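**Q** Once you've had a glance at the structure underneath, I'll fire off some questions.
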Amino acid sequence: MADSATMLSRFRATLVGAVVGDCIGANFEDRWLPFVPWNDIKKVLQHMESLSPGDDELPFTDDTAMTRSVASSLTEHGAFHSRDMAERFTSEYFREPGRGYGRAVTVVFKKLKESNFSDVYKPASEQFNGSGSYGNGGAMRISPVALFAKKYNSFEVLKDVCEKTTKLTHSNKNGILGAVLQASAVDLALSNQGPPADLNVDHFVDKLIARIQPLENEATEKSETMQPYTDKLLKMKEFLKTGKSNSEQIAEDLGNDVSALDSVPTAIYSFLRAQESIEGLPVKVPFERAVLYAITMGGDTDTIASMTGAIAGALYGLENIPTTWQIFCEGVPDAIKQADELFKLYKKAEGQSGSTA
Ligand code: R7I
Ligand code: MG
Ligand code: MG
């Protein structure tokens, strides 16, 4: 087990990684972009380098706004509390509706408010004629749940809190499983023992498959064999073997849009592939390489980079996140405070169930 100081650094970097990925990635979010050229990313990095304290920071978007609500609700109650979390999402949306929320999810917030939170899961279950949103809004905000569940050392608890947190806005199976997969990637990165450079990327994917495949089978009619996440994870194993790195091709094969299925695997692949150097991406530090590589995938860049940043942060720790990024991305100090609160919960004695409602 990593020592306490190292673990704290990794808790912090999980939430900070999510913030910096969101803030930097948001400069490129464009659903039609098949990839982002390195030169365009370089311009934003150079802009950040030119900033002085007091200058405008790079603003965060809905990804971070919602992540903050997840973290504050969990730490306030020391457990998952459905109504409290729904209220936090909703009041945060109405306080700052211009953070770039998905179009459909705002209907959920309006209905929650109008119904005075009488049944917090109902509005989400009514989305898209009852099939629920398969957007990546559940996965993009899930990293605090991985930190919260760490002390229980139980995938069942992690899964349970992920599902409940996600279902408040996204009841579609793929929206939920995307959040479970993303939280699992953070959890596994956080659990890695030994030097980060020794991470076995092939085993990492195997462990994800071992978690997600049974859930996909469980959620499918017996006659069908639908396992879209497992299929993408299996593809990733092949790509990792050959070192495949062309962003446009990866984005085409794994996806780069706002659906959970077409973004969570891409974020995980970005993290894993960036363990090694990448042609055309002259970045030496693996944490930075992971986040910037995620941005090159194009499409939903803020969300993909934010999810990659959370996983990479959980492995590499805060020391590996550039100081400039920490100073000039909005919300980093708050992310550190929230990580510290989650770390306090983690250090508390075990023995609770992790769920109240
Ligand atoms: O998932 P969500 O919170 O959006 C997150 C994305 C991230 O990229 C953020 O950075 C932000 O830009 O938005 O919000 P939703 O509105 O639930 O889902 C996002 C979009 O996915 C919707 O607006 C739809 O375009 C699409 N979508 C669906 N389309 C058809 N049928 C989600 N579910 C469906 C569906 O069932
Ligand atoms: Mg966003
Ligand atoms: Mg996005």
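The values are calculated or read from the model by the stated rules, or taken from the named source; none is laboratory data. This is a predicted model, so every value here is computed, not measured. Note that each Cβ is placed from the backbone with ideal geometry, even for glycine, and that neighbours are counted across all protein chains shown. Ligands, DNA and RNA are excluded from the accessible area calculation, which covers all protein heavy atoms including side chains. Shrake-Rupley method; radii C 1.70, N 1.55, O 1.52, S 1.80 Å.
**Q** Looking for something within 16 Å of ligand 2 (Cβ to nearest atom), of a type in the set (D, E, K, R) and in a loop (DSSP other than H, G, I, E, B) - is there at least one such residue anywhere in region 259-274? Working first, answer last.
**A** Within region 259-274, the subset within 16 Å of ligand 2 (Cβ to nearest atom) is 259-260, 262-264, 266-267.
Right, trim to of a type in the set (D, E, K, R) and you get 262.
Now restrict to residues that are in a loop (DSSP other than H, G, I, E, B): 262.
The answer is yes, given that some residue of region 259-274 is within 16 Å of ligand 2 (Cβ to nearest atom), of a type in the set (D, E, K, R) and in a loop (DSSP other than H, G, I, E, B).
**Q** Right, here's the next one. Quick one: Ser247 ticks every box in (1) open to solvent by less than 30 Å² (accessible area, probe 1.4 Å); (2) under 21 Å from Ala189 (Cβ atoms); (3) more than 16 Å from ligand 1 (Cβ to nearest atom); (4) not aromatic (Phe, Trp, Tyr) except a single one, so which number is it?
**A** Ser247 satisfies all of (1) open to solvent by less than 30 Å² (accessible area, probe 1.4 Å); (2) under 21 Å from Ala189 (Cβ atoms); (3) more than 16 Å from ligand 1 (Cβ to nearest atom); (4) not aromatic (Phe, Trp, Tyr) except (2).
**Q** Might you check whether a residue that is in a loop (DSSP other than H, G, I, E, B), of a type outside the set (D, E, K, R), farther than 27 Å from Glu29 by Cα and more than 16 Å from ligand 2 (Cβ to nearest atom) occurs anywhere in region 124-145?
**A** Initial filter on region 124-145 (in a loop (DSSP other than H, G, I, E, B)): 126, 131-134, 136-138, 142.
Still in the list and also of a type outside the set (D, E, K, R): 131-134, 136-138, 142.
Filter once more, keeping what is farther than 27 Å from Glu29 by Cα: none.
Within region 124-145 (the criterion being in a loop (DSSP other than H, G, I, E, B), of a type outside the set (D, E, K, R), farther than 27 Å from Glu29 by Cα and more than 16 Å from ligand 2 (Cβ to nearest atom)), the answer is no, since none of the residues qualifies.
**Q** Tell me whether region 62-74 contains one or more residues that are surrounded by fewer than 22 Cβ atoms within 10 Å (Cβ to Cβ) and away from ligand 2 (no atom under 16 Å from the Cβ).
**A** Yes - at least one qualifying residue is present in region 62-74.
**Q** How many residues, within region 278-327, are basic (Lys, Arg), out of contact with any strand residue (DSSP E or B) (no Cβ under 7 Å at 6 or more places or on another chain) and assigned to a helix (DSSP H, G or I)?
**A** Filtering region 278-327 for residues basic (Lys, Arg) gives 284, 289.
If we keep only those that are out of contact with any strand residue (DSSP E or B) (no Cβ under 7 Å at 6 or more places or on another chain) too, we end up with 284.
Among the residues that remain, those that are also assigned to a helix (DSSP H, G or I) are: none.
Looking only at that region, the number is 0.
**Q** Within region 51-72, is even one residue in a strand (DSSP E or B), out of contact with any Gly (no Cβ under 9 Å at 6 or more places or on another chain) and either within 30 Å of Gly280 (Cα to Cα) or not hydrophobic (A, V, I, L, M, F, W, C) (or both)? Show your work before the answer.
**A** In the first step, residues of region 51-72 are kept if they are in a strand (DSSP E or B); the result is 58.
Filter once more, so that each one left must be out of contact with any Gly (no Cβ under 9 Å at 6 or more places or on another chain): 58.
Filter once more, keeping what is either within 30 Å of Gly280 (Cα to Cα) or not hydrophobic (A, V, I, L, M, F, W, C) (or both): 58.
Yes, region 51-72 contains a residue that is in a strand (DSSP E or B), out of contact with any Gly (no Cβ under 9 Å at 6 or more places or on another chain) and either within 30 Å of Gly280 (Cα to Cα) or not hydrophobic (A, V, I, L, M, F, W, C) (or both).
**Q** For region 89-123, how many residues are within 15 Å of ligand 1 (Cβ to nearest atom) and assigned to a helix (DSSP H, G or I)? It would help to see each step written out before you state the result.
**A** Within region 89-123, the subset within 15 Å of ligand 1 (Cβ to nearest atom) is 89-90, 92-93, 96-112, 121, 123.
Pick out the ones that are also assigned to a helix (DSSP H, G or I) and you get 89-90, 92-93, 105-112, 123.
Adding up the residues that qualify gives 13.
**Q** Considering only region 56-100, how many residues are within 16 Å of ligand 3 (Cβ to nearest atom) and out of contact with any helix residue (DSSP H, G or I) (no Cβ under 9 Å at 6 or more places or on another chain)?
**A** 1
**Q** Any idea which residue in region 128-176 is farthest from the chain's Cα centre (by Cα), counting only those that are open to solvent by 10 Å² or more (accessible area, probe 1.4 Å) and among the aliphatic types (A, V, I, L, M)?
**A** Val157
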